[in-house]
Amino acid sequence: MIERLNEDDIPTDYRAGFAQAKLIDPPLAENYIRHTLIGDPDADLLIEFLATLPPAERQQWISKGIETGPSGLADAPYQVREFFEKIEEVPAWFDPKKVNKGCAGFHRHSTMFVGAFVAGVLVEGFATLISKSFCITGRVVDQGVRRLKQNNRHLMEIMLPGGLERHGDGWKLSVRLRLVHAQIRVMLKHSEDWDSAAWGVPISAAHIGLATAVFSALLLKRAELLGVKLSDEERESFMMIWRYTGHLMGVPESIHFDSEHSALHLHRVGVMCEPAPSFESIIMANALINSAPIVAGITEPQARRKLANHIYKISRALIGPEMADQFNFPKYNTFGVLAFFRFKNGMESLLQRFFPSLERSSRAGQFIELLNVSLYTDEGIRYRMPDRLYAEEDGEL
């Protein structure tokens with residue numbers, strides 16, 4: 001039996017929200033708070049061990065572990081072999097044969113999904129205290145364009161058929177992201193900038209668990225507002241993709257969703273536990289939206305401002321006026337914004353039904369668009385971990 005959570009154990013910034021959340025679902029609210037005190041024990045142990053090695057050797061083991069797995073780690077230290085052997089285990093609930101339906105549904109509407117991702121759920125994700133971790137390090141504020149392109153690429157790769165298989169780039173990027181989070185977590189825990197008594201553990205298990213719920217079930221809801229319609233089978237498959245992605249990113253089963261319904265419920269209770277968006281949340285949300293035009297290849301100042309204002313309007317319509325005001329977003333009349341996208345998406349679907357060649361052309365065009373707003377380099381996936389806490393003192397990841 002789990003011991004009752006003592007008030008002294010609750011980080012101070014969560015106490016008011018926890019009092020409200022436990023009126024809705026006391027066990028889940030307590031579970032969420034417990035996970036604000038947990039990082040990723042396996043990844044954190046690995047990172048702490050690797051910190052004792054020279055940088056070149058550290059990167060070598062991470063690269064070999066992700067690229068080759070245990071077969072390339074025969075001469076690796078025990079701590080390295082243990083971590084990478086463990087992540088090879090595939091949970092019984094994951095069925096690789098079922099994910100293709102979700103992939104197809106995503107790519108049929110990838111433009112709308114990416115729009116809902118950037119203007120909706122990515123922004124909403126920064127409403128939590130996870131924004132402090134990213135704002136302190138400067139890895140979104142100072143490197144916003146690169147971060148947004150990396151997020152887009154990760155989304156794209158996990159949504160490709162085979163992307164989550166052992167040697168798929170979706171699998172590799174998910175594990176890489178897990179280790180980057182662990183590296184930043186370990187550095188933040190030893191930094192004077194982090195207030196553990198108020199905020200719990202940096203990039204906590206609660207925040208990664210909530211993020212995967214947001215990027216899955218809430219993304220489906222936000223995409224629906226833009227006119228996206230998926231079958232029940234496609235929705236279930238989409239959720240399985242994100243559930244396995246969360247597993248690879250280190251989300252413990254104790255706070256992981258197992259369905260669209262449980263993900264939405266976790267989001268509702270988790271957000272209630274969180275304090276109101278802080279100034280770090282405001283900085284992060286606005287930096288994200290203002291980076292989007294550059295990601296889209298628009299660099300002329302007036303055109304950038306015009307597109308950023310358009311994204312602000314869509315975001316306000318998706319996330320609602322209350323959260324938009326908390327983020328200090330410009331106040332726009334959003335009447336008809338979502339209706340326009342639903343009409344546009346509906347007309348395109350109707351035309352594609354009668355003219356199948358249009359659907360093939362549309363999918364190809366959307367795929368190319370997604371490639372253009374994602375981060376790809378000639379050198380492939382980079383496995384360098386951040387050496388310094390602050391982005392301005394460190395190189396690009």
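FYI, it's all coordinate maths here, none of it is from the lab. This one's a predicted model, so the numbers in the text were calculated from it and none came from an experiment. Heads up, the Cβs are rebuilt from the backbone with ideal geometry, glycines too, and the neighbour counts pull from every protein chain shown.
As a proxy for reagent exposure, ranking Trp242, Trp61 by other Cβ atoms within 10 Å from fewest up yields Trp61, Trp242.
Projected label points at Glu165 and Glu67, each 7 Å from Cα along the beta carbon direction, are separated by 2.0 nanometres.
For the pair segment 1-61 / segment 66-111, the C-alpha centres are spaced 23 Å from each other.
With +1 assigned to the C-beta of every Lys and Arg and -1 to the C-beta of every Asp and Glu, and no other charges, what is the dipole magnitude of the chain about the Cα centre in debye, to the nearest 20? Let's see the in-between values first.
Numbers: 44 positive and 50 negative charges, 349 e Å.
It comes to approximately 1680 debye.
Computed from the Kirkwood radius of its Cα pairs, the Stokes-Einstein diffusion coefficient for segment 217-305 at 4 °C and 1.567 mPa s stands at 81 µm²/s. Per residue of the chain, the DSSP helices (runs of n ≥ 4 H) give a summed -39500 (n - 2.57) that works out to -19000 deg cm²/dmol at 222 nm.
Based on Cβ point charges of +1 for Lys and Arg and -1 for Asp and Glu, what charge dipole magnitude is obtained for segment 1-88 about its Cα centre, in debye rounded to the nearest 20? Display every interim value, and only then the final one.
On the way: 8 positive and 17 negative charges, 23 e Å.
Computed charge dipole of segment 1-88: roughly 100 debye.
In the set (1) 23.8; (2) 22.4; (3) 21.8, the label that goes with Kirkwood radius over Cα pairs in Å computed for this structure is (3).
Could you work out the relative contact order of segment 41-376? I mean the mean sequence separation of Cα pairs under 8 Å and 6+ apart, divided by the number of residues, in percent.
So the answer I get is 26 percent.
Our estimate of slack between Ala51 and Lys331, defined as 0.36 nm per intervening residue step minus the Cα-Cα distance, is 96.1 nm. Think of segment 41-376 as a dipole: +1 on every Lys or Arg Cβ, -1 on every Asp or Glu Cβ, centred on the Cα centre; then among His310, Phe49, Leu129, His310 lies furthest on the positive end.
Farthest toward the positive end of the dipole of the chain, out of Phe327, Phe94, Gln59, is the Cα of Phe327, where the dipole comes from beta carbon charges about the Cα centre. Under a straight-distance cross-link criterion of Cα-Cα below 19 Å, which lysines are reachable from Lys331, leaving out those fewer than 8 residues away in the same chain? Excluding near neighbours in sequence, the set is Lys306, Lys313. Working note: Cα atoms of segment 40-164, range along each principal axis, descending, whole Å: 47, 41, 23.
Projecting the Cα atoms of Leu37, Phe238, Gly69 onto the charge dipole of the chain (Cβ charges, centred on the Cα centre) puts Phe238 farthest toward the positive pole. Our estimate of slack between Ala197 and Ser231, defined as 0.36 nm per intervening residue step minus the Cα-Cα distance, is 7.7 nm.
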